[in-house]
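S.K.: This structure is in structure tokens; I'll ask about it shortly.
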Amino acid sequence: MKNEERYDLHCHTTCSDGTMTPEETLKLAKSSGLKGLSITDHDTIAAYKIAIDLAKQLDLTLLSGVEFSASHKGASVHILGYGFDINAPTITEFCLRHEKRRADRNSLILELLKKHKMPLTPEDVTGPFNKTMATSGRPHIAHAMIAKRYVHTISEAFKKFIGEGCSCYAAGTPHTVEETIETIHTAKGVAIIAHPHLMSDKATLNAILNMNFDGIECYYGNIAYQNNARWLELAEKKKWLVTGGSDFHGSIKPNQPLGSSWIDSERFTLLQQAIAAK
Ligand code: AMP
Ligand code: ZN
Ligand code: FE
Ligand code: FE
């Protein structure tokens with residue numbers, strides 16, 4: 001990296017499954033010495049209600065962002081959207097559809113847990129969380145399972161019961177990768193493949209690499225830089241944008257502190273130029 005201006009473009013707050021509020025996250029970004037940030041909550045932009053004004057006060061560059069959950073032939077794909085118009089009806093409506101999808105899917109998972117003698121109410125799942133929460137999902141269910149002493153840890157909940165392919169897993173009715181990209185583009189944003197190294201299924205990765213993305217997340221979490229060469233080469237070949245971020249979730253992912261991955265101002269400028277051209 002050529003200069004010391006750092007932009008962390010991937011983090012979650014209490015609006016989805018992070019443990020710090022948008023306000024706490026922005027203040028942490030400032031005290032960590034970041035120049036800029038994008039809050040990329042799962043399927044919601046609720047954090048921006050608070051974040052836009054506060055970022056200005058703190059003199060932090062805030063780029064609009066979101067991490068949409070999508071599915072390609074049954075496989076889960078996470079898509080980052082950046083720079084879209086925060087008031088675009090297409091984005092707001094898409095986030096509302098996701099809230100409904102998540103509520104329906106949570107109900108399906110709760111039914112399965114009940115069948116397996118682990119009853120939970122919707123209040124058990126959402127009640128303990130911060131009032132800023134807009135989307136809930138399996139991490140919140142896992143938390144409720146711990147509170148009821150059905151499991152000891154979040155990873156045990158995923159491994160034994162709610163992980164993909166487990167007895168209490170439900171996919172719900174996911175959105176496709178194509179419609180997600182289209183929604184981001186309609187709102188004048190760029191669509192980026194999130195954490196490609198986490199995609200274990202090669203066929204899915206190959207399929208989405210041929211879709212209409214604008215870029216790929218090459219720097220991620222606490223992964224050593226030398227392991228990013230593959231993604232940087234790919235981005236160069238496809239003339240795609242390069243993004244990066246920590247995927248900060250607060251205390252539930254202690255190994256991925258805010259600012260543990262980032263892009264410099266050169267890459268950030270390229271990203272801004274691509275957004276302006278949309
Ligand atoms: P959902 O969006 O409701 O399907 O939940 C997926 C989220 O759960 C991911 O974004 C991760 O933050 C978290 N997650 C997925 N797998 C695990 C796991 N094995 N252990 C802990 N957290 C996980
Ligand atoms: Zn998450
Ligand atoms: Fe993700
Ligand atoms: Fe994430």
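The values are calculated or read from the model by the stated rules, or taken from the named source; none is laboratory data. What you see is a predicted model; the values in this text were computed from it and never measured. Don't worry about glycine lacking a Cβ; one is built from the backbone with ideal geometry, like all the others, and counts go over all protein chains shown. Surface accessibility is based on the protein's heavy atoms, side chains included, excluding ligands, DNA and RNA. Shrake-Rupley method; radii C 1.70, N 1.55, O 1.52, S 1.80 Å.
S.K.: Which number in (1) part of a helix (DSSP H, G or I); (2) open to solvent by less than 20 Å² (accessible area, probe 1.4 Å); (3) away from ligand 3 (no atom under 16 Å from the Cβ) marks the one condition that H98 misses?
M.R.: Exception for H98: condition (3).
S.K.: Only residues that are more than 15 Å from ligand 1 (Cβ to nearest atom), surrounded by 15 or more Cβ atoms within 10 Å (Cβ to Cβ) and more than 15 Å from V190 (Cα to Cα): list them for the stretch 233-260, please.
M.R.: L234, P257, L258, G259, S260
S.K.: Kindly provide the set of residues from the stretch 1-33 that are assigned to a loop (DSSP other than H, G, I, E, B) and surrounded by 21 or more Cβ atoms within 10 Å (Cβ to Cβ), ordered by number.
M.R.: Taking the stretch 1-33 as the starting set, the residues that turn out to be assigned to a loop (DSSP other than H, G, I, E, B) are 1-6, 9-10, 12-21, 32-33.
Residues satisfying the conditions are R6, L9, H10, H12, T13, T14, C15, S16, D17, G18.
S.K.: Okay, next question. Suppose we filter the stretch 200-213 for residues that are open to solvent by less than 30 Å² (accessible area, probe 1.4 Å) and part of a loop (DSSP other than H, G, I, E, B); how many remain?
M.R.: Matching residues across the stretch 200-213 total 1.
S.K.: Another question, if that's okay. Which condition number does K278 fail, the rest of (1) away from ligand 1 (no atom under 16 Å from the Cβ); (2) surrounded by fewer than 18 Cβ atoms within 10 Å (Cβ to Cβ); (3) touching a residue at least 60 places away in the same chain (Cβ under 8 Å); (4) more than 26 Å from I91 (Cβ to Cβ) being met?
M.R.: (4)
S.K.: Just one of (1) open to solvent by 40 Å² or more (accessible area, probe 1.4 Å); (2) modelled with pLDDT of 95 or more trips up G165, so point out which.
M.R.: Every condition holds for G165 apart from (2).
S.K.: Could you pull out the residue among I141, I154 that is within 24 Å of T13 (Cβ to Cβ) and open to solvent by 30 Å² or more (accessible area, probe 1.4 Å)?
M.R.: Details: I141 fails: open to solvent by 30 Å² or more (accessible area, probe 1.4 Å).
Result: I154 is the single residue among I141, I154 that is within 24 Å of T13 (Cβ to Cβ) and open to solvent by 30 Å² or more (accessible area, probe 1.4 Å).
S.K.: Report, ordered by the first and then the second residue, all pairs with beta carbons closer than 9 Å, sequence separation of six or more or different chains, a first member in the stretch 117-137 that is closer than 19 Å to H42 by Cα, and a second member that is more than 16 Å from ligand 1 (Cβ to nearest atom) and basic (K, R).
M.R.: From the stretch 117-137, the pairs are T132/K49.
S.K.: Sticking with this one: Residues being among the hydroxyl-bearing types (S, T, Y) and open to solvent by less than 60 Å² (accessible area, probe 1.4 Å): count how many of those fall in the stretch 177-193.
M.R.: Total meeting the criteria: 2.
S.K.: Residue check: is S32 more than 13 Å from ligand 1 (Cβ to nearest atom) and under 13 Å from the mean Cα position of the chain (by Cα)?
M.R.: It is false that S32 is more than 13 Å from ligand 1 (Cβ to nearest atom) and under 13 Å from the mean Cα position of the chain (by Cα).
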